[in-house]
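Novice: The following block contains the structure, expressed as structure tokens.
The values are calculated or read from the model by the stated rules, or taken from the named source; none is laboratory data. The structure presented is a predicted model; accordingly, all values stated were derived computationally and were not measured. Cβ placement follows ideal geometry from the backbone for every residue including glycine, while neighbour counts extend to all protein chains displayed. Accessible surface areas use protein heavy atoms only, side chains included; no ligands, DNA or RNA. Shrake-Rupley method; radii C 1.70, N 1.55, O 1.52, S 1.80 Å.
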Amino acid sequence: MSTLKLNYLLALTMLLPTWAMASADSTTVCPEVRIEVEQLPDLNIPRAGHEVFCVNGELTVAGGHTDGFVPTPTAEYLKDDQWHTIPMTYTHDNAFSVVLSSGKVMLGGGSEQSIGIGQTYVTEVYDPQTHTFNGYCSMQRKRACASALELDSGRVVVAGNWYANDGIELFEDKSDTRADYNGKRLFNYIKDVAIQRAYPLIFRTAPDDALILGGIGVKGDTIWTSTAYSLKGDSVTIPLLEKWWPLGTETARSADSFFGDASKNLYAYLMAVQNREGQVAIAKVVNGEFALLPTTCPVPMQSHGEEIIYASTILVDQKAGKGYLLGLGRGYYNAPDKPARWYVLSIDYTKQPAALTLCYTDTLPELNTYAATLTPEGNLFIAGGLYHGSNFTPSKRVFLLRVGKEPIVTTTESSINLRQVALWVLVALLFVAFLIYLFIYIRKHRAMPSSINDAVPASDDEVTDDLMDRIYRVMEAQKLYQNSNLKVTDLATALGTNRRAVSDCINSQKGCTFTQFVNIYRVEHAKRVMRQNPNKKVADIYLESGFANEGSFFRTFKAITGMTPKEWLSKA
């Protein structure tokens with residue numbers, strides 16, 4: 001059997017479950033997968049009500065309150081597997097944060113006193129290059145539990161409040177203009193609003209306009225309204241929100257839910273919504289137009305015998321084409337001192353309909369309600385939050401949920417129906433057939449070589465040594481393997497030939513596939529980098545070597561060398 005047929009058979013077995021979900025009706029049950037959890041070093045200071053973000057490649061937490069419900073004027077960033085504490089200019093407990101296009105972060109407002117009392121005017125900006133905070137300027141209104149969003153112009157919309165009147169104001173940086181602004185950065189109050197909100201959602205609808213909606217009441221009450229406010233216009237009624245309301249959360253950095261393209265004036269967001277019966281669904285907001293996102297199955301509301309409580313904005317990984325909605329089992333809220341698990345709804349919005357997968361963790365002895373962000377590798381980072389459900393005993397635990405790693409699909413006992421059973425039996429039979437073929441194939445062929453030099457060429461009259469020599473020269477001279485999206489057609493184009501000739505030549509001469517051949521180069525490059533700079537970050541190593549993500553790097557390195565990068569380096 002040819003390599004082409006082998007790849008076709010493998011692709012068929014992988015695509016069947018996707019076909020099954022795409023053809024499912026409204027009764028189709030969401031597939032479930034188990035994901036790995038890694039506990040990272042604890043924060044230096046327990047904290048809740050803080051902000052979490054990733055800037056300059058560093059995971060960072062800022063502000064919040066610590067033991068005793070006392071605001072802490074500190075931040076921490078993770079570097080070399082250690083948290084480094086730095087001072088802030090002000091305290092920001094239950095504040096807003098905006099990751100600016102400049103790479104800096106604006107923080108503003110928050111509780112004025114301990115135990116969440118009052119609000120503040122203050123804002124400051126964090127520079128991740130220097131790890132310093134600097135006071136910026138005052139808002140026009142004292143705020144806590146507000147939200148903010150940067151527009152294309154660099155202006156920042158701010159809205160929302162807690163136990164005080166709401167309203168919309170706009171930050172403008174006029175420090176580089178002429179003297180009529182006196183070189184100042186200014187917050188300008190735009191308008192009052194009739195419906196008061198805390199933690200509202202703010203969605204761009206145009207380069208210089210936005211809608212403010214959702215959130216919770218300023219005293220924590222639920223808001224059932226279809227009214228939204230426009231930055232530049234009047235209030236508007238959104239028909240979708242007459243039945244489905246934005247999920248109330250205490251983490252509302254709407255920019256994290258963006259999946260559009262501002263360069264093309266496409267302002268698109270994912271939003272979790274809920275009806276009066278408690279069913280959650282996924283909506284999309286495109287240039288101010290709201291609609292439910294068609295999905296392969298309903299959003300699952302139960303798993304492992306417990307109700308799932310979703311309570312976050314949707315975090316979008318545009319590179320992976322997925323959004324993630326975080327949740328906890330009802331058991332945690334009923335008994336926060338008992339072991340519990342996290343749930344993550346994965347939304348593949350690149351597919352039509354969007355493919356939903358419910359990810360879950362093992363039960364963990366200690367969980368905390370979360371402040372979360374995405375890492376550059378596409379995993380979920382959760383740090384601090386409430387421990388035992390109390391603001392007086394925040395957590396310092398830090399976790400990494402590896403949603404960026406390809407999981408194994410499972411189904412719970414209660415989720416199996418006859419059609420799925422029949423389908424998965426068919427998939428299993430095809431998979432067994434594939435394994436049988438693979439066993440025969442391996443018996444007839446050599447194992448994948450461990451290095452370029454170890455690969456022993458096989459004779460093939462149709463493929464010349466000259467082409468193989470040209471492949472070597474192009475790969476090494478142009479370092480094509482450093483392109484994580486390298487395809488056989490790219491190499492063929494560089495050689496002035498066709499993809500079939502290149503693929504057959506590598507298969508015949510080196511006894512491996514094109515992907516294996518390229519991965520050998522990548523691993524060799526990674527080895528050289530680690531020898532020359534053993535303290536270099538893993539992320540820098542795998543990106544420089546041409547791997548798309550951390551998981552692919554570790555899997556391939558171990559498959560070729562029989563060791564993890566750390567094990568190899570210790571013996572190098």
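Novice: Within segment 143-161, identify whether any single residue is under 30 Å from the mean Cα position of the chain (by Cα), outside any loop (DSSP other than H, G, I, E, B) and over 20 Å from Gly63 (Cβ atoms), and answer yes or no.
Specialist: For segment 143-161, residues under 30 Å from the mean Cα position of the chain (by Cα), outside any loop (DSSP other than H, G, I, E, B) and over 20 Å from Gly63 (Cβ atoms): present.
Novice: Right, here's the next one. What is the number of the single condition among (1) at pLDDT below 95; (2) touching a Ser or Thr at 6+ places or on another chain (Cβ under 9 Å); (3) within 27 Å of Val218 (Cα to Cα) that Tyr324 does not meet?
Specialist: Here Tyr324 clears every test but (1).
Novice: Further question: Could you please give the count of residues in segment 254-283 that are touching a Leu at 6+ places or on another chain (Cβ under 8 Å) and either polar (S, T, N, Q) or open to solvent by 20 Å² or more (accessible area, probe 1.4 Å) (or both)?
Specialist: 6
Novice: Next question, about the same structure. Residues that are under 21 Å from Trp342 (Cβ atoms) and β-branched (Val, Ile, Thr): which strands (runs of 3 or more DSSP E) entirely in segment 241-329 hold 2 or more of them?
Specialist: In segment 241-329, 280-286, 306-310 are the strands (runs of 3 or more DSSP E) which contain 2 or more residues that are under 21 Å from Trp342 (Cβ atoms) and β-branched (Val, Ile, Thr).
Novice: Do you know which residues across segment 84-118 are open to solvent by 40 Å² or more (accessible area, probe 1.4 Å), outside any loop (DSSP other than H, G, I, E, B) and either of a type in the set (A, V, I, L, M) or in contact (Cβ under 8 Å) with a residue 60 or more places away in the chain (or both)?
Specialist: Scanning segment 84-118 gives Val99, Ile115.
Novice: Being farther than 30 Å from Lys537 by Cβ and of a type in the set (Lys, Arg) is the filter; apply it to segment 487-527 and report the residue that is least open to solvent (accessible area, probe 1.4 Å).
Specialist: Lys510
Novice: For segment 542-566, what are the residues that are open to solvent by 30 Å² or more (accessible area, probe 1.4 Å) and either over 16 Å from Asn483 (Cα atoms) or β-branched (Val, Ile, Thr) (or both)?
Specialist: Passing the criteria: Phe554, Arg555, Lys558, Ala559, Thr561, Gly562, Met563, Thr564, Lys566.
Novice: Give me the residue from segment 204-217 that is among the β-branched types (Val, Ile, Thr) and at pLDDT 90 or above and, out of that set, least open to solvent (accessible area, probe 1.4 Å).
Specialist: By that ranking, first place goes to Ile212.
Novice: Across segment 516-572, which residue is farthest from the chain's Cα centre (by Cα) among those that are outside any helix (DSSP H, G or I) and closer than 22 Å to Gln478 by Cα?
Specialist: Gly546
Novice: Which one is modelled with the lowest pLDDT among residues in segment 57-68 that are under 16 Å from the mean Cα position of the chain (by Cα) and either in a loop (DSSP other than H, G, I, E, B) or among the aliphatic types (A, V, I, L, M) (or both)?
Specialist: Gly57
Novice: What is the one condition in (1) assigned to a loop (DSSP other than H, G, I, E, B); (2) loosely packed, with under 15 Cβ neighbours inside 10 Å that Arg473 does not satisfy?
Specialist: (1)
Novice: Of the residues in segment 332-354, how many are over 16 Å from the mean Cα position of the chain (by Cα) and either within 30 Å of Phe259 (Cα to Cα) or buried (at least 18 other Cβ atoms within 10 Å of the Cβ) (or both)?
Specialist: The qualifying residues number 8.
Novice: Tally up the residues in segment 119-132 that are open to solvent by 20 Å² or more (accessible area, probe 1.4 Å) and either in contact with a helix residue (DSSP H, G or I) (Cβ under 7 Å, 6 or more places away or on another chain) or more than 12 Å from Ala95 (Cβ to Cβ) (or both), please.
Specialist: Number of matching residues: 5.
Novice: Select from segment 224-253 the residues that are at pLDDT below 90 and either among the hydrophobic types (A, V, I, L, M, F, W, C) or closer than 30 Å to Phe381 by Cα (or both) and write down the one among them that is surrounded by the fewest Cβ atoms within 10 Å (Cβ to Cβ).
Specialist: Taking the candidates together, the pick is Trp224.
Novice: Quick one: in segment 457-470, of everything that is open to solvent by 80 Å² or more (accessible area, probe 1.4 Å) and at pLDDT below 50, which residue is farthest from the chain's Cα centre (by Cα)?
Specialist: It comes out as Asp461.
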